[in-house]
Amino acid sequence: STMRKRKTTDSPRSSTDESEGKEKLRLKQEVGLISGVSLIAGTMIGSGIFMSPEWVLHHMGSPASSLLIWAACGILAMFGALSYAELGTIIKESGGEYIYILRIFGSFPAFLFAYTSVILVRPAGLAAVCLSFAEYAVAPFYPGCSSPQIVIKCAAAACIVLLTIINCLNVRLATSIMNVFTAAKLLALLVIVVGGLVLLARGQTQSFHNAFENTTAGIGPVGVAFYQGLWSYDGWNNLNYVTEELKKPEVTLPRAVMIAIPLVTCLYLLVNMSYLAAMTPSELLSSGAVAVTWGDKVLGSWAWLMSLSVALSTFGSSNGTFFSGGRVCYIAAREGHMPDILSMAHVRCLTPSPALLFTSAMSLIMIISGNFTTIVNFFSFIAWFFYGMTISGLLYLKIKKPEMPRSYKVPIIIPIIVLVAAVYLVLAPIIDQPQFEILYIILFIFSGTVLYFPLVHFKRHPRFLQRITLHLQLFLEVAPTTRDAN
């Protein structure tokens, strides 16, 4: 059949499987500690830190309160990642939220997550980051005027095609590129940090006088400010999507989280202080691109370095998003929730190329249509809805099944704090400023029901799909894979 029913228990391969005399096809374990840190930090540091500070300041009203939001977002991301690290040592499978929801809550909610993530969230997020990359990459060719939309879209599409080729050819190549671009973007942020420290040492501290003046205290504005800040921290959970490709996941996963997220949080705080040292709050609010304005004020004739840095940063971030996003599609197909062809890997490259190609195609559609601004605005709403569900699953395992073997544990108060934050982030915009777009998103999530019951639950598959799968398998040179339970 085109979709296959899988066991929902996390069981290792039996001895009979090992004695079949066949070589099992599976993804390689190529991601070590350095690559793990690069995947987390490299995906988190995208366009957000170069674009979001003005919006956090806009919603919070004062420099000090905006810095508190950035710190709180970092702590929340850290708590969430530590909770996910425990889940990753209990359920040692790739797929992130999808596989955790599947193993804890069952098939139906896991399908809704996969359906929403694969069709909407991941492609939209990738398209948005690639468009940010394209905007900065083509800007030097159009000095003094805005770049044509057709050029930006073509550059973004070329970026996605290039990422597809890289990720389909070799996992090691993709992770090497991730490491190089992470180093480049960290260097760019360090330039901003050092520039800011020099300005502060020279006494440019006017932005920090009466730093809490005009602070906003409403539930809605604080929630939206959190959304803007958390967009810059998005990617804290990316290592959980590739657990089966980690070397020693029970050690690598918690260590990579403990290194990457505090590093990014400290950098974000220092970069925001540097922005405020170079600009007054009103100048920062009127800036279209904060990093470029900072470069004009501090670097002078070297200001072009900031445009280059943002382009490099967003390219590296889109590579990390693509690397992990393709795995969600691959794992969902392997569990029978997506067409069978998407669960296969290339017989020589050992990469989930059909899933990557599908993610690429959906992202290209988003870029061509260009109507995804609303999707990006409500990205955090969908994300934190499912983060909350996943964290509640961890609390269930900690309370009801404490005997389950796990090599890493977090204090129960940490997932409780993350769950409370998730509930707040989902409900705050609905209570404060209810909008029809949120209703559309909820309807889209539950529209998956129409597909789930005939195709997954009752397994009613048209016969022609099996023939299409066979032809695609031959054309793409792919074969079914086995789950590595580590």
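The values are calculated or read from the model by the stated rules, or taken from the named source; none is laboratory data. For clarity, every value in this text was computed on a predicted model and none was experimentally measured. Reconstructed Cβ throughout: ideal geometry from the backbone, glycine too, with neighbour counts over all protein chains shown. Just the protein is used for accessible areas: all its heavy atoms, side chains included, with ligands, DNA and RNA removed. Shrake-Rupley method; radii C 1.70, N 1.55, O 1.52, S 1.80 Å.
In segment 427-440, how many residues are open to solvent by 20 Å² or more (accessible area, probe 1.4 Å), outside any loop (DSSP other than H, G, I, E, B) and touching a residue at least 12 places away in the same chain (Cβ under 8 Å)? Spell out how you get there, then give the answer.
Kept after step one, since they are open to solvent by 20 Å² or more (accessible area, probe 1.4 Å), are these residues of segment 427-440: 427, 429-437, 439-440.
Restricting the remaining residues to those that are outside any loop (DSSP other than H, G, I, E, B) gives 427, 429-432, 436-437, 439-440.
Next, only the ones that are touching a residue at least 12 places away in the same chain (Cβ under 8 Å) stay: 429, 431-432, 437.
So the answer is 4.
Output the residues belonging to segment 395-411 that are touching a helix residue (DSSP H, G or I) at 6+ places or on another chain (Cβ under 7 Å) and surrounded by 13 or more Cβ atoms within 10 Å (Cβ to Cβ).
Going residue by residue through segment 395-411, those that are touching a helix residue (DSSP H, G or I) at 6+ places or on another chain (Cβ under 7 Å) are 395-397, 404, 406-410.
Passing the criteria: L395, L397, R406, S407, Y408, K409, V410.
Cβ separations smaller than 8 Å between residues 6+ apart or across chains give the following pairs from segment 56-72 residues that are in contact (Cβ under 8 Å) with a residue 60 or more places away in the chain and closer than 16 Å to S232 by Cα to residues that are open to solvent by 20 Å² or more (accessible area, probe 1.4 Å) and of a type in the set (F, W, Y): I69/F226; A72/F226.
Scanning segment 374-424 for residues that are at pLDDT below 85, farther than 21 Å from G95 by Cα and part of a helix (DSSP H, G or I) turns up T374, I375, V376, N377.
Need a quick list: helices (runs of 4 or more DSSP H) entirely within segment 138-242 having at least 2 residues that are small (G, A, S) and at pLDDT below 85. Please lay out each step first, then the result.
Working: elements: 149-169, 171-201, 219-233.
The qualifying helices (runs of 4 or more DSSP H) are 171-201, 219-233.
Restricting attention to segment 296-307, the residues that are touching a residue at least 12 places away in the same chain (Cβ under 8 Å) and surrounded by fewer than 24 Cβ atoms within 10 Å (Cβ to Cβ) total 6. Per the conditions (1) within 23 Å of the chain's Cα centre (by Cα); (2) surrounded by fewer than 16 Cβ atoms within 10 Å (Cβ to Cβ); (3) of a type outside the set (D, E), the sole criterion not satisfied by S447 is (1). Filtered by the rule that a residue be closer than 20 Å to V410 by Cα, in a helix (DSSP H, G or I) and of a type in the set (G, A, S), segment 74-117 gives G74, A77, G80, A81, S83, A85, G88.
Confirm whether N319 is of a type outside the set (S, T, Y), assigned to a helix (DSSP H, G or I) and closer than 20 Å to M60 by Cα. For N319, the condition - of a type outside the set (S, T, Y), assigned to a helix (DSSP H, G or I) and closer than 20 Å to M60 by Cα - is not met.
Selection of first residues in segment 171-193 that are open to solvent by less than 60 Å² (accessible area, probe 1.4 Å) and of second residues that are aromatic (F, W, Y) and modelled with pLDDT under 80, restricted to Cβ pairs under 8 Å at least 6 apart or on distinct chains, gives the following pairs, ordered by first then second residue: A174/F323; T175/F323; M178/F323. Determine whether K459 is surrounded by 13 or more Cβ atoms within 10 Å (Cβ to Cβ) and either over 25 Å from the mean Cα position of the chain (by Cα) or at pLDDT 90 or above (or both). Taking the combined requirement at face value, the residue satisfies it. Per the conditions (1) over 18 Å from the mean Cα position of the chain (by Cα); (2) at pLDDT below 90; (3) surrounded by fewer than 24 Cβ atoms within 10 Å (Cβ to Cβ), the sole criterion not satisfied by M60 is (3).
Would you mind finding the one in R334, R327 that is of a type in the set (D, E, K, R), over 17 Å from E135 (Cβ atoms) and modelled with pLDDT of 80 or more?
Numbers: R327 fails: modelled with pLDDT of 80 or more.
When all the criteria are applied, what remains is R334.
Taking the listed residues S318, S274, S287, the one that is more than 25 Å from the chain's Cα centre (by Cα), under 30 Å from L239 (Cβ atoms), open to solvent by less than 40 Å² (accessible area, probe 1.4 Å) and not hydrophobic (A, V, I, L, M, F, W, C) is S274, with no other qualifying. Among the residues of segment 232-256, those that are within 19 Å of K185 (Cβ to Cβ) and buried (at least 24 other Cβ atoms within 10 Å of the Cβ) comprise S232, Y233, G235, W236, N238, L239, A256.
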